């Protein structure tokens, strides 16, 4: 979980990535709700993207080693942003699901 908090911090402090911060938080919430079986509307291809993104970000093996200042973190953030853009429709559907959750009770 420490790695995710670090990425959140990096997305928040760099103005180029702030637009993606809310989507990242929503994607994490969507994954949590999927694991808890509260939300089940994630397509197979989106699950594959999420799994491969998580493996890449959490893996100690990177294209650019973490020891290289700035660039070492940029590859992880780039992979996350690519995944967020690819998952845009899934995240939008999840946002709608959250917004209408109270109506379904």
* To do: Return a yes/no flag: does the stretch 45-56 have any residue that is touching a residue at least 40 places away in the same chain (Cβ under 8 Å) and touching a helix residue (DSSP H, G or I) at 6+ places or on another chain (Cβ under 7 Å).
  => yes
* Residue list for the stretch 88-100, restricted to those being free of Cβ contacts under 8 Å to residues at least 40 places away in the same chain and within 16 Å of residue 50 (Cβ to Cβ) -> 89, 92
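Output the number of residues of the stretch 57-87 satisfying the condition of being touching a residue at least 60 places away in the same chain (Cβ under 8 Å) and surrounded by fewer than 11 Cβ atoms within 10 Å (Cβ to Cβ). Talk me through it step by step, then tell me what you get.
First, the residues of the stretch 57-87 that are touching a residue at least 60 places away in the same chain (Cβ under 8 Å): 73, 76-77, 80-81, 84, 87.
Imposing the further condition that a residue be surrounded by fewer than 11 Cβ atoms within 10 Å (Cβ to Cβ) reduces the set to none.
Of the residues in that region, 0 qualify.
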* List, please: which pairs have Cβ atoms under 6 Å, are six or more places apart or on different chains, and start with a residue in the stretch 17-32 that is under 12 Å from residue 77 (Cβ atoms) and end with one that is surrounded by fewer than 17 Cβ atoms within 10 Å (Cβ to Cβ)? -> 21/12
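Bear in mind that the values in this text are calculations on the coordinates, not laboratory data. All figures in this text were calculated on a predicted structure; none of them were measured in a lab. Here Cβ is always computed from backbone atoms with ideal geometry, including for glycine, and neighbour counts include all displayed protein chains.
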